[in-house]
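The values are calculated or read from the model by the stated rules, or taken from the named source; none is laboratory data. Computed from a predicted model, the values in this text were never measured in an experiment. Positions of Cβ are backbone-derived with ideal geometry, glycine not excepted, and every protein chain shown enters the neighbour counts.
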Amino acid sequence: MNKLSHEICLELKEAGFPQKEGDWYTSDGQWIPEEEREYIPSSEELVAWCGKDLRSIDKFVENGKIRWVVTSWSSLYHNGEGETMSEAVAKLGIEIHVK
């Protein structure tokens, strides 16, 4: 399963990441208002959203801790970094689409 924080999901939404339609109900059947909805995209969707700007995805292990770094072709300053690949790609996508 893809793990992205609530904050990153909101940033994706604000940056224009396409929000999928679905069943917007909680597990106990309560309706979720639009402003509280949170779509969690797959890694593939995030990579596609970055498009041709995505240059590389690298995984580093330092002292037993994993760190992902994603770089862009469009600028040396557009990078994403995170504890998961999805988090790093999401951060890069936000940088690309908010620039």
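Just the residues that are in contact with a strand residue (DSSP E or B) (Cβ under 9 Å, 6 or more places away or on another chain), among the hydrophobic types (A, V, I, L, M, F, W, C) and not in a strand (DSSP E or B), please, taken from region 49-71.
Cys50
Among the candidates Lys91, Lys59, Lys13, Lys65, single out the residue that is exposed (fewer than 10 other Cβ atoms within 10 Å of the Cβ), at pLDDT 80 or above and either among the charged types (D, E, K, R) or under 10 Å from the mean Cα position of the chain (by Cα) (or both).
None of the others qualify; the one that does is Lys65.
As an exercise: evaluate Ser74 against (1) part of a loop (DSSP other than H, G, I, E, B); (2) within 19 Å of His6 (Cβ to Cβ) and give the number of the one condition it does not meet.
Against the list (1) part of a loop (DSSP other than H, G, I, E, B); (2) within 19 Å of His6 (Cβ to Cβ), Ser74 comes up short only on (2).
Consider Lys3 carefully, then state whether it is exposed (fewer than 13 other Cβ atoms within 10 Å of the Cβ) and at pLDDT below 80.
Against the criterion (exposed (fewer than 13 other Cβ atoms within 10 Å of the Cβ) and at pLDDT below 80), Lys3 qualifies.
With the requirement that a residue be out of contact with any Asp or Glu (no Cβ under 9 Å at 6 or more places or on another chain) and closer than 14 Å to Ile94 by Cα, what does region 54-80 give you?
Selection gives Leu54 alone.
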